[in-house]
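To start, the structure itself, in C-alpha cells.
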Amino acid sequence: MADRGVDFSGIPKEVRDHLAELELELSEGDITQKGYEKKRAKLLGPFLPQITSVVLALPDIQQQASSGPSSGEPSRDCSPASPEAPGPSSSSGGRRNRSGGTRDDRYRSDIHTEAVQAALAKHKEEKMALPMPTKRRSAFVQSPAEDCTPPDTSSASEDEGSLRRQAALSAVLVQSLQSPDYWINRSVQSSSSTSSSTSSTLSHGENKTPTSALADILNSVPPDVTSSTPERRSRVDSRVDLPPNAMPRGMPRGQSRTSMLDTTADGVPVNSRVSTKIQQLLNTLKRPKRPPLSDFFLDDSEEIVEVPQPDPNTPRPEGRQIIPVKGEPLGVVSNWPPALQAALARWGASQAKSPALTTLDVTGKPLYTLTYGKLWSRSLKLAYTLLNKLGTKNEPVLRPGDRVALVYPNTDPAMFWVAFYGCLLAEVIPVPIEVPLSRQDAGSLQIGFLLGSCGVGLALTSEICLKGLPKTPQGEIMQFKGWPRMKWVVTDTKYLTKPSKDWQPHIPTANTDTAYIEYKASKEGTVMGVAVSKIALLTHCQALTQACNYCEGETLVNVLDCKKDMGLWHGVLTSVMNRIHTITVPYAVMKACPMSWVQRVHIHKARVAVVKCRDLHWAMMAHRDQRDTNLSSIRMLIVADGANPWSVSSCDAFLNVFQSHGLKPEVICPCASSPEALTVAIRRPGARGTALPARAILSMGGLSHGVIRVNTEDKNSALTVQDVGHVMPGALMCIVKPDGPPQLCKTDEIGEIVLNSRAGGTLYYGLPGVTKNTFEVIPVNQAGAPIGDIPFTRTGLLGFVGPGSLVFVVGKNEGLLTVSGRRHNADDLVATALAVEPVKTVYRGRIAVFSVTVFYDERIVIVAEQRPDASEEDSFQWMSRVLQAIDSIHQVGLYCLALVPANTLPKTPLGGIHISETKQNFLEGNLHPCNILLCPHTCVTNLPKPRQKQPVGVGPASIMVGNLVAGNRMSQAAGRELGVVEEEGLVRKPARSVCTATCVQLHKRAEKITSALMERGGLNTGDNVVLLYPPGIDLIAAFYGCLYAGLIPVTVRPPHPQNLAATLPTVRMIIDVSKAACILTTQPLMRILRSREAAASVNVKTWPTIIDTDDLPRRRPPQLYKPPTAEMLAYLDFSVSTTGMLTGVKMSHSAVSTLCRSIKLQCELYSSRQIAICLDPYCGLGFVQWCLSSVYSGHQSILIPPMELELSLPLWLSTLSQYKIRDTFCSYSVMELCTKGLEAGGKCNARGVNLSCVRSCVVIAEERPRLALTQSFSKLFKDLGLSPRAVSTAFGSRVNLAICLQGTAGPDPSTVYVDMKSLRHDRVRLVERGAPQSLSLMESGTILPGVKVIIVNPETRGPLGDSHLGEIWVQSPHSSSGYYTIYGEESLQADHFNTRLSFGEPHTLWARTGYLGFVKRTELLGSTGDRHDALFVVGQLDETLELRGLRYHPIDIETSVSRAHRSIAESAVFTWTNLLVVVAELAGSEQEALDLVPLVTNVVLEEHHLIVGVVVVVDPGVIPINSRGEKQRMHLRDSFLADQLDPIYVAYNM
C-alpha cells in the first residue's frame, strides 16, 4: 500500500479530511478503486519516505521539453547515448527466449516482449471471471490446414511490423490483472473458470459444476443494474416451471409444484448454467462507470442527445502560436535536365550499358538487368506504338493528355518501368493500379471509382499478367465490378513497333500539366487519384536528390512497391534522374526469403536501401542463417514508415542485431510522406560519430487531448516517438487543427501537418470539390485571419515540430478515432493489443482497428484473425486481457472485439488488411467472426439518466381537474346503444324455425350427444365437460349437446399426435384446473389419450370418464335443460396468455346473448349472409364466431380450420372468391401464412382467385394491430381485387372477449404516428408521418355497441386525459363473470372484474383488460353523426419491460432487431434481473450467428437507448408462438433460464 511507513499523526488535518472524503466516495461507488488509489497516493506523496524511482524507459530514449527552445524554456535534453552503446535489448543477454525461429516472432520487439511475458506469467493460473459465451459445438468447424496460412506468411501487412509496444505495458498489466476490484468481484472467480470451461460441453441436466460454488453464486443477490444498490426481491417468483410454462390462476403458492424447492430466491433453477453466467455478468457490471452522473444526458433533451460537458481538468495547450517552418533552399544545379524524360534520353544515349534495374526471381537470385539503353529504346517503342498504332491516322485511340491504367504485378518491375516512361514520352498520363485478382476483389470496386473519375478507358499490361486475369467462359477479360469498360493493350517488346527514322518524342520543359496520377485510398475506402504535375515531379526528384545526397552511379536496394509512394519516388523516378542502379526486391521474394534485401545490399555494396519496418523485422528473424553479411556500405537506410510512432522499436532492434555487421547508427533515416504532399520530411544521414537525435517520451493522456506533455509520472502510458528529420528542401510547413477551419496550432499542440511546396500533388483528378479542402488550404491565426495567401496541402499526418525544427509524427488522420472528444490512434491500440501476451491466439499482422458511430459517439472495434489451433478459452482469455490493457493504458473502453477465421479478412494488394472493407463487412453483418466480445456497458457512457419515478403527491382528482383546465379531453369512449336484449339463453336458439336444414341436423346431433351424456356419464347438472375435438361440426354439436344436458362445456385444443410431450400436459392441466367430470372426444383422440406415448408425459390412469361421440344412441333425450336465470354459467373459456398464465373465464348465458347481438349489429349479420371464418375455435372471439354467432344470427358460416392452410395454402382465399364472400374473419397467423407463402401473380391467379367481393376482412387478436403485416397483405393481394380499406382488426381480452370490431357502418380505421420517446414516459404525443423515433399505430376497430372504455392510470386508478397512455378499462353487459378457479381468489376476482375508479364515477363497476392504450378523437364521423373516438391498443401491461425507469414494449424492440440483419427470421425480448435479453432466430447459415451480436446491440442502442445484456442466437422455430400467432415470451424466458433452447450462440455483453 501507498501508506506503508507513513506517520499519520504528523499529517495535517486538511489532508486527513481529504482522505476521509475519499474513503466515503469509494464506499458509495462515486470513484473507482484505481482512481481512489491514485488520488490517495497523490495526497500522501509528500509524507512518504523518499525512495529511488525506477525508470522503465528505453536506455537510449531521452526526455525532452516538447515546447522546444522556441517557447523560451531551456531544453531538458539528457546527454545522448554514444552511438557505440549497446542496443536496447542487449540487457537480455542470453536470456532471450525466442521460440525456435517461428515466423511470428519477427513482429515482436524483444525490448518489451520479456517484460510483458513476465507480467503475464504471474497470471497464467488465473482465469478471467467474465462469463464466456456459449457456442454450439457444430456451429464452427475449423478451416482445414491447407486453407490456413503457413506461419511465414502470417504477417504480410504493410504496416504490421511497425506496431510495437513499449516495455511500459508490462507494469500496467501486472497492476490491472492483480487488482481484484479492477475487473470483477473475486467472489465469483473460483467457480467462473469451471462454469466457462464446461459451458459449451455440458448438456442440460449434466451438472458437473461444484454445487457449493454454484450455490454461492446463485444465492448472491443479482444487482439492479439501473440503480446503485442491489435490491432483493421480497417474494419468490410466482411463475412455476409447469410443462407448458403456464400456471393456473388461483393455485395456492405452496402447493403448486415441488420444483419450487429447487429454485433460488430469484426463482431460477439451481442447475441453470445460463443464470450462473448472467450472475457473473451482473457482477462485472457492479463497477461504477467512469463519468460521474452529472456528465450523463438529460432524458428530456430534444431530438438529439447533448455531448457531456468537458472536464475542467483536461490538459490544454499553453504555448504560443506556431511559426511556419522553412526547409533549406533548393540548390541550383547547372546541368539539371528540363524534364525527367530528358534525363532518361541523356542516360540512354551516353550511358547505354549502365545498369538501371535488376529484378530478382522468387528465390532471391537476380533474374535480369535492364540497362539505361534498353530502358530508353523500349520506352520509345511503346510511346510510338501508343500514339501511332492503336487506331487509324485520323482517329487515334490515344491523344496526349489521355489517362491510361498501368496493370502490372509487383514481380515484374521492368515491364512497369518501360510502360511508365513510355507513357511520359507519349505525353499520356499513366495511372498505376493493382492487378485485380477476382471480380469481387476487395479493392476493385473502389479502383473502378478511380478509373471512372480519371476517365480511363485503356489499360496497359504484360502478356503473362493478361493471361492471369479472370476471364468469362468466352475467354474475354471479365468486366470487373464497378469498373468502366476497358480496352487492354499488351506491352511486351514483341508486340511493339520500332519508331520510324523521322519520329522523335516531344519532350517539353516541365510545366504544370499532369505527369502521372497516383492512387490513394481514403479512410472510408474511396480510391482517389492524386495528380502530380510535370514540374512537381521534377522538383520532387531534385529535392530528394539534395536531401538524400544522391550521386551518379550509386546502387539502391528498393523493397517497396514501385507503383506508388516512396518505392516509386526513390526507386523509379529519382534513381533515373541520377543514373542510379536500382535492385528491386518484390513482396513475393521477401515472403520466400526475408533476408534477400540484406543479401543484395551485401553483394552489391549498395549505398542506399528503401525499406519498411516490416522488412527490418523479417531480416532480423532470418539473420542467424547469414553470419557473413556486411552492411557497412550503406550510407542511408530510408525507413519509409518511420512516421509510424511504433517504428522506433523496430529501428532500435534492427540496429541492435546488425550493428555487429557493420551497420552504423547514423545511417537510419526515418521519413514521413503522404500521397498528397509526397515526401514531407526525411532525416538526413548524420556524420560518423555525431550525436543521434533525441526522442520524445510523450504522455498518451496528453496526446488523446491533442496536447504535447512530456511523460513524467505514469511510465505505462508513455509513447516514445522518434523524429523524421527536417522539412524537405524548398518547402514551408505549418501545423493546423485537424478539424474545423485550418487554425494554426500552438507550439505544444498536436495538429495536422500542412505543406507548401512545388514538389507536391496538385489535385484529386476529376474531383474539384474534395480538392479545394485538401490542396488549397490557407491557415488562419487565432483571430481567424489568413496568415498569407499561399495555399498549403493537407498531408493527413498528425504531429508537431520539436526542438531544432525536427518534425515528429504521432499518427495519421485516417487512423484517428475520436471517442467522447478524445483522440486515439489506431496503431497505438494495435500495438497495445499485440503486447498483451505472446500471441498464440491471433496472427500479429492481421489486426484491423476502426470506429463505428453508435448512439451519437464513435465506438472502437478491433477485428483480428484467429489461428486455427487456438482454443475457445485461449481466445476468450486473450480478448478479456486486451480489454483490460486498452482500458488501463488508453483510458478508453473497447466496444467490440471480434476474432475471424484465418485468411478471411479482406486484404489490400500487398497483403495488409483492408480496413474500410473490414468495417463495411462488420456493419453489414458479413464478417462471420468465430469469437466476439461486446462491451457496451463500459464504453457507452452517454446514455440518458435513468428516469426516477416521482412519488405521486397529486391525487387523481387534481389530475382530472388539471386535465380539464389544460383543455384535455378525458380519455374515454363508448359504442352505440345496444337496445333491449330478449332474456333468452342460447339453448333454445338452434330449434327456431328460421334455421336451415343444416341447423336442424346440428340440433339433432346435439340431442344424441345429450342422450349419450345422460346415459354414460352419470353427471349432475352444472358439471364441467371437456370437449376435445379437432375444428369441425362435431365440436359445435358437442357444445350444444352439453348445453341441452345442463352441463358446462370447456373447449380444449386436442394434443398434437406428433408432439405429445409438449401439447398433452396443457390438456391435462386444463382438465385438472377445470375439475372436469367427463371428456367428450372422437375415437382416434381417445386412443391417443390412452396410448403408451401419452403415458410418458402424463398419468393416463387418472383421466375422468372419456366418452367418444362417434357411435351415438339413436334416442332423443326426455327433455332439454333450460337455465333458470340468464346469469347462469353457459361455458368456460380457457386460454394460456402470452405471459404464460393459464386463465379460465366464466361466460354466462346473458353475456353470450348480448355479445352475439352486439356483433350482429356491428357487422350487420343477417340470415341471408355468408361468412368465412378461418380461426381456431377453442377460445376467445374465435370460439364465439365459430360456435355461437352464426347460430344466433342465423347466417351461413363457412368454417375453415387454420391447420388446413398448411396443406393447401390458397384454400381460404379461393373459398372467398368461389362463394363471393363479403365478410371474413381470420387470425394474424393465417394472414402471415398467406403473405409469406403466396405471391399475387403466382398460385392465386392460376386458380382464378378474385377478391373484389370482400368488403371486410377482420383480424381477430388480443394484441396491438400488426400494421406492417396488414399493409403487406393488402399490398400483395391488391392485384387480385382486394380493397385496401377491407382489412381491419378486432380487439378482445380475457375479461371481455370482444371490445372492438370493425363493423360495416363505422368509419375506416384511422392510423396515427406517436413519438416513441414520449410513449416510454406513458405520454402520447402525435407526430407527423416519417418523424424520427415515430411509431405508427392503427385503431383496433370500432368499439362494439353497449361497450364503454376508459383509460386509467394503473397505479392510482384515476382516469387519464387523452394525452396519456394508460390501462384500458371496460364496462359492458357481455364482460366475463370472473375467473374460474378451484380455490376462488376473490381478491383477484374483484381486482380484475369488479373494480372502481378512485375518482370520477366511483359507483360504476369496470373490468381491467390488462392492456395499455389511449383514446383519440378523430375528424371522422361515426354512425350516429358524432366525431369518432378511436381506441389504440399499444401493448400488454404484464409484458412491458421496465428498464432505466422507462416503459418499453417488447414488440418495438423486436421490430428493430428484425431489421438489423437479413438473416433474422424472428426475434423476442425479455428481461432478467434488469438485463435485456434478445433472442434472435437465424434463418441463414450458422457461420452468420456471431454477425448478429453487434448489429442487434447497435440497433437497440441507437433506436431505444438500451444496452442489450445477452444476445441468444437460435434456430428458426424456437421462439414459441401460440395458436393466435402471439409470441410466448415468458415461456421462452423460462426455457432460456432452464437451458433448454439449444442455442447456436449466446453472447454476454460486458
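Given region 1084-1217 reduced to its alpha-carbon atoms as identical point scatterers, what log10 I(q)/I(0) does the Debye formula return at q = 0.13 Å⁻¹?
Debye output, listed in q order: -0.89.
Provide the per-residue ³J(HN,Hα) series for region 628-641, in order, calculated from phi with Karplus coefficients 6.51, -1.76, 1.60 and θ = phi - 60°, each as a whole number of Hz, with x at glycine and proline positions.
9, 6, 10, 10, 5, 6, 5, 9, 8, 10, 7, 9, 5, 9
Evaluate 2.2 N^0.38 Å with N set to the residue count of region 986-1118, then give the Cα radius of gyration divided by it.
For region 986-1118, the normalised Cα radius of gyration comes out at 1.07.
Taking a threshold of 18 Å on the Cα-Cα distance, which of the pairs K326/K523; K498/K563; K945/K1317; K467/K494; K389/K498 fall above it?
Correct reply: K326/K523; K498/K563.
In nm, what is the difference between 0.36 nm times the number of residues separating W336 and E1442 and their Cα-Cα distance?
390.3 nm
Between L767 and V852, what is 0.36 nm times their sequence separation minus the Cα-Cα distance? Round to one decimal in nm.
Computed gain between L767 and V852 is 28.0 nm.
From the Cα trace of region 1157-1234, what convex hull volume per residue do you get, rounded to a whole Å³?
84 Å³
Can you tell me the alpha carbon radius of gyration of region 751-840 divided by the globular rule-of-thumb value 2.2 N^0.38 Å?
1.40
With charges only on Cβ, +1 for K and R and -1 for D and E, what is the dipole size of region 380-462 about its Cα centre, in debye, rounded to 20?
The calculated dipole for region 380-462 is roughly 240 debye.
At a probe radius of 1.4 Å, what is the per-residue accessible area of T1109, in Å² to the nearest 10?
About 0 Å², rounded to the nearest 10.
Report Rg (one decimal) and Dmax (nearest whole number) for region 1466-1528, counting Cα atoms only, units Å.
Looking at region 1466-1528, its Cα Rg and Dmax stand at 12.2, 33 Å.
For E1401 and S1272, what does the FRET efficiency come to when R0 = 56 Å and r is the distance between their Cβ atoms, rounded to the nearest 0.05?
Efficiency at R0 = 56 Å is approximately 0.85.
Using the alpha-carbon centroid of each, what span in Å lies between region 1315-1344 and region 624-671?
Going from one Cα centre to the other spans 68 Å.
At what distance in nm do the modelled label points of N903 and L1421 sit from each other, each positioned 7 Å from its Cα along Cα→Cβ?
Here the answer is 7.6 nm between the modelled labels.
Check G1366: other-chain or 5+ apart residues with amide H under 5 Å from its amide H, H built from backbone geometry?
For G1366, the qualifying residues are G1413.
Quick check for me: using +1 on Lys/Arg Cβ and -1 on Asp/Glu Cβ, what's the dipole size of region 1300-1371 about its Cα centre, in debye to the nearest 20?
For this selection, approximately 120 debye.
Taking the Cα centre of region 733-860 as the origin, how large is its charge dipole in debye, to the nearest 20, when only Lys and Arg (+1) and Asp and Glu (-1) carry charge on their Cβ atoms?
Here region 733-860 has a charge dipole of around 260 debye.
How much of M1086 can a 1.4 Å solvent probe reach, expressed as accessible area in Å² and rounded to 10?
40 Å²
Quick one: accessible surface of S1485, probe radius 1.4 Å, all protein chains present, in square angstrom to the nearest 10.
Answer for S1485: close to 60 Å² accessible.
Summarise the accessible area of region 473-548 (1.4 Å probe, protein heavy atoms) by the percent that is carbon and sulfur.
Carbon plus sulfur share of accessible area: 51 percent.
Can you give the alpha-carbon Rg of region 1440-1550 over 2.2 N^0.38 Å, where N counts its residues?
That works out to 0.97 for region 1440-1550.
Quick one: with all protein chains in place, what share of the accessible area of region 668-794 is carbon or sulfur, to the nearest percent (1.4 Å probe)?
After summing per-atom areas, the C and S share lands at 54 percent.
Once you have a ≥ b ≥ c as the square roots of the Cα gyration tensor eigenvalues for region 347-394, tell me rounded if a/c is under 1.5, and otherwise prolate or oblate according to whether a/b is larger than b/c.
Oblate.
Evaluate E = 1/(1 + (r/R0)^6) for K487 and Q1058, where r is the Cβ-Cβ distance and R0 equals 51 Å; express this FRET efficiency to the nearest 0.05.
Computed FRET efficiency for K487 and Q1058: 0.20.
Tell me, rounded to the nearest percent, the portion of alpha carbon pairs in region 703-755 spaced more than 15 Å apart.
Tail of P(r) above 15 Å: 59 percent of Cα pairs.
Please state the shape class of region 671-799: rounded when a/c is under 1.5, otherwise prolate if a/b exceeds b/c and oblate if not, all from the C-alpha gyration tensor.
oblate
Diagonalise the Cα gyration tensor of region 1248-1404 and give the resulting equivalent ellipsoid semi-axes, square root of 5 times each eigenvalue, largest first, whole Å.
32, 22, 13
If a paramagnetic tag sat 7 Å from the Cα of A1095 along the Cα-Cβ line, which residues of region 1049-1074 would have the backbone N under 18 Å from that point?
Residues passing the 18 Å test: 1060-1061, 1064-1065.
What lysines sit close enough to K1220 to cross-link, taking a C-alpha to C-alpha distance under 29 Å and skipping anything fewer than 8 places away on the same chain?
K989, K1160, K1236, K1243, K1275, K1278
Summarise the long-distance tail of P(r) for region 307-446 by giving the % of C-alpha pairs beyond 28 Å.
Tail of the P(r) past 28 Å holds 47 percent of the pairs.
The values are calculated or read from the model by the stated rules, or taken from the named source; none is laboratory data. Quantities reported herein were computed from a predicted structural model and do not represent experimental measurements. Ideal geometry is used to build each Cβ from the backbone, glycine not excepted, and the neighbour counts take in all protein chains shown. Protein only, heavy atoms only, side chains kept; ligands, DNA and RNA dropped before computing areas. Shrake-Rupley method; radii C 1.70, N 1.55, O 1.52, S 1.80 Å.
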